[in-house]
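Visitor: Here it is, the structure in full.
The values are calculated or read from the model by the stated rules, or taken from the named source; none is laboratory data. As the structure is a prediction and not an experimental result, all values here were calculated from the model. Methodologically, a virtual Cβ is constructed for each residue, glycine included, from the backbone with ideal geometry; neighbour enumeration extends over all protein chains shown.
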Amino acid sequence: IAYLWKQTPFTESAMTNVSGKIFTSTISGLVAGSVISYACKFAFSGGMSVTKYFSYTVGSNCPSTGIDEIISTESFFYPNPVQDILFIDLPEGNNRLLLT
């Protein structure tokens, strides 16, 4: 189960499970130039986890994936080019994704 957290004013809304561990949510009614800040909460058997809040200026470009080093695997993010949704497959273990 996943929830999208809006930072200000705080709201929590359920995300839709696409398949497996992939969830989606559409945010609408936004004005270009406004700054939004969201986090995700994941509830699973045995616990839950929450991401940090990520801020984004509506209408700005996302210049990179934020991956520090390339993982040696055939396809780790898709689709390419990205439209609306980016899927990232990471190996088991400690992973870090930095959004700037």
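Visitor: What number of residues in the stretch 14-64 are of a type outside the set (D, E, K, R), out of contact with any Cys (no Cβ under 8 Å at 6 or more places or on another chain) and within 16 Å of Ala2 (Cβ to Cβ)?
Guide: 24
Visitor: Right, here's the next one. Tally the residues that are in contact (Cβ under 8 Å) with a residue 24 or more places away in the chain and more than 15 Å from the chain's Cα centre (by Cα), restricting the search to the stretch 13-48.
Guide: Of the residues in the stretch 13-48, 7 are in contact (Cβ under 8 Å) with a residue 24 or more places away in the chain and more than 15 Å from the chain's Cα centre (by Cα).
Visitor: Scanning the stretch 2-55 for residues that are touching a Phe, Trp or Tyr at 6+ places or on another chain (Cβ under 7 Å) and assigned to a loop (DSSP other than H, G, I, E, B), which turns out surrounded by the most Cβ atoms within 10 Å (Cβ to Cβ)?
Guide: Taking the candidates together, the pick is Met15.
Visitor: Quick one: is Asn80 part of a loop (DSSP other than H, G, I, E, B), farther than 26 Å from Lys6 by Cβ and at pLDDT below 90? Before the answer, list the steps.
Guide: Details: part of a loop (DSSP other than H, G, I, E, B): no; farther than 26 Å from Lys6 by Cβ: yes; at pLDDT below 90: yes.
The answer is no for Asn80.
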